[in-house]
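The values are calculated or read from the model by the stated rules, or taken from the named source; none is laboratory data. Everything numeric in this text was worked out from a predicted model, so none of it was measured. Cβ coordinates were reconstructed from backbone atoms using ideal geometry, including for glycine residues, and neighbour counts include every protein chain displayed. The accessibility values were calculated without ligands, DNA or RNA, using every heavy atom of the protein model including side chains. Shrake-Rupley method; radii C 1.70, N 1.55, O 1.52, S 1.80 Å.
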Amino acid sequence: MGLASASTACEGMQLCIFDLRRGQNEGQELDKILFFFPADLPFSTQLSVIGLSEGLITFTRIFSPEAACEVIEAERHSHVFYEAETDIWMVMVVEKSKESEAIWRIDALRKVLKEVHSLFRMFYGSIRAMLEKDPSGGLSRSHLYPFIMDYLSDLLVGKKLWLPSFRDCLKECGTVQMLTVGREAAIEVQSLVRVLESCAGNTPCHSMILFHDLLVSTTLSPDDTINLFTYAVRRLTPNALSSGVSSWSYLRRGSTSSHFVSGFTLAQSGSVSEQIYHSSDTSPSGDNGNHVTRPLQHGKWSKGKDGFLVTDTWGVDVGGMVCTTPTIWLQQTEEAMYLCPYQYKNLTLILLIPVSSILNREEGVSLVKRQVIENASLKILKVEEKLSKGWGGENAYHVSGYRYLLIDGDRNISRASPPGKVTTLAKESLLALNNLREEVDLEKSRLKYDNTGGEKDLEVCIRAKNNAWAIARLNRGKELYMVLEKASETLLYASDAFEKFSNRYCNGAFTLD
């Protein structure tokens, strides 16, 4: 029953990870499979999908050595490719449907693959490093399978897997959403950051501060900020801990199907998959023995009496009384860091301490936590109070009459109309914007590989069947997408409304000269 339910939940989608350097000899083809979903498909079917993908990659490299294929559109399926690491490929095969609900934007699907891999690296390091440590592939599979299954569980609503569709065209994966704060609040936040850094003594540490599901401050690199922010809004913020549905978090949370996960477990019964639970862990702490951490499991974080969040996902100490402090890898420095999240009301602080700087492990981390409580408590209270006073609620960034998405590609920041407001748009309007974004994606892809260098300003307008206007304008690394549902209005009216929005909310960044 579990396997049938798993198949039902993922009907129309296959996801695989394979290594082109492995399984090249006859009889060893299964070695190249590092992950395949659904896991209950016959190995012959899995090899067929991977063999086709490998052939397409090899063929397209003949014409484009530096950039192999990103997508192949067949009559019944879309094949989305992402080279996560050198010669390690992730491929998503999505079945096309006549139902408009299943209209995908390819770039959004590729960003799902990129997000999965980025989060995986944050917790375990690179897949290639795992393969070098254990050439059999058992170590990498033992981590990839449960991790990706836990990730996919976030996309489940009931028993149906919801991939990004046209209804998500006013969202942008791989970006952070910032909270706009006033001058006084910004000064208090900066002061708090300095205090947090001083709590670790001379040890260089990093911090991130969130309010609700919005980023307030970070000392991390852009890539590390995106990874930690994504994890925080999935598992660490008050909305995530309460298991409630946050309309601001830009994450679809549904009830996870137990059959979905059990289907994965039952499928691991033979051949390559027998290795899954028999490999040692490679978490930064390096002391978990055969324990495979599952950081994306639901309901594993809770708030301790001192305000710090705790989880037993990384295991417990020998006495079984203290949970092992979670660890992550920073992408920029490839450094292992202790993850110490603290929560006060709607404020979430994340302190990252280098593992190499803590000699006595848990005792050292506990000491830093005590320093935070003793030295930063008043600062934390003051910052939360100031941010709460200026907080406009989940509709704080709603602009009456507009449905928009603003992206700053240079800083990996996005801001959009609240999802609750986006749901008021007609299906025709969303379809038009989805088509428009697809055109923009294609143009950006062409510019990326035409060796012209620099960025190109671009404007695209589409009239929807219901007379709504979908408009996109790109300027110097910034992008603004907008839907205007003023029926029967002219393009001149729509353009004027776009200009007013740009002048008032974007400092004129998209205003035509």
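Things to note:
- Dipole size of region 160-244 about its Cα centre, with +1 on Lys/Arg Cβ and -1 on Asp/Glu Cβ: approximately 320 debye, rounded to the nearest 20.
- Per-residue surface analysis assigns THR333 an accessible area of about 80 Å², computed on protein heavy atoms at 1.4 Å probe radius.
- Computed lengthening from SER445 to ASP223, 0.36 nm per intervening residue step minus Cα-Cα distance: 77.8 nm
- Of the whole protein surface, GLU85 contributes about 20 Å² of accessible area at a 1.4 Å probe radius.
- Between GLN371 and ASP87, the modelled label-to-label distance comes to 4.5 nm, taking each label 7 Å out from Cα in the direction of the beta carbon.
- The Cβ shell under 15 Å around GLY51 holds other residues with a net charge of -3, Lys and Arg each +1, Asp and Glu each -1.
- Straight-distance candidates among the aspartates and glutamates for linking to LYS133, with alpha-carbon spacing under 20 Å and chain neighbours fewer than 8 residues away dropped: ASP19, ASP31, GLU85, ASP87, GLU274, ASP281, ASP287, GLU334, GLU335.
- In the structure shown, the pairs LYS159/LYS486; LYS389/LYS444; LYS300/LYS448; LYS382/LYS478; LYS159/LYS303; LYS159/LYS448 are assessed against 32 Å; a Cα-Cα span above that value is assigned to LYS159/LYS486; LYS389/LYS444; LYS300/LYS448; LYS382/LYS478; LYS159/LYS448.
- Sites GLU115 and THR333, calculated FRET efficiency, Cβ-Cβ separation with R0 30 Å, nearest 0.05: 0.90
- Radius of gyration over Kirkwood radius for region 18-86, both on Cα atoms: the Rg/Rh ratio is 0.96.
- List THR225, THR218, ordered by accessible area with a 1.4 Å probe, largest first: THR218, THR225
- Over region 378-469, accessible surface divided per residue gives 54 Å², non-protein components excluded, 1.4 Å probe.
- Working note: Karplus 6.51/-1.76/1.60 with θ = phi - 60° gives region 203-212 the couplings 6, x, 10, 10, 9, 9, 10, 10, 10, 6 Hz, where Gly and Pro are set to x.
- Accessible heavy-atom area order of TYR397, TYR145, highest first, probe of 1.4 Å: TYR397, TYR145
- Our estimate of slack between HIS77 and LEU56, defined as 0.36 nm per intervening residue step minus the Cα-Cα distance, is 6.1 nm.
- Overall dimensions of region 361-513 as given by Cα atoms, namely Rg and Dmax in Å: 21.1, 68
- Accessible surface ranking that places the most exposed of GLU75, GLU197 first, with a 1.4 angstrom probe: GLU75, GLU197
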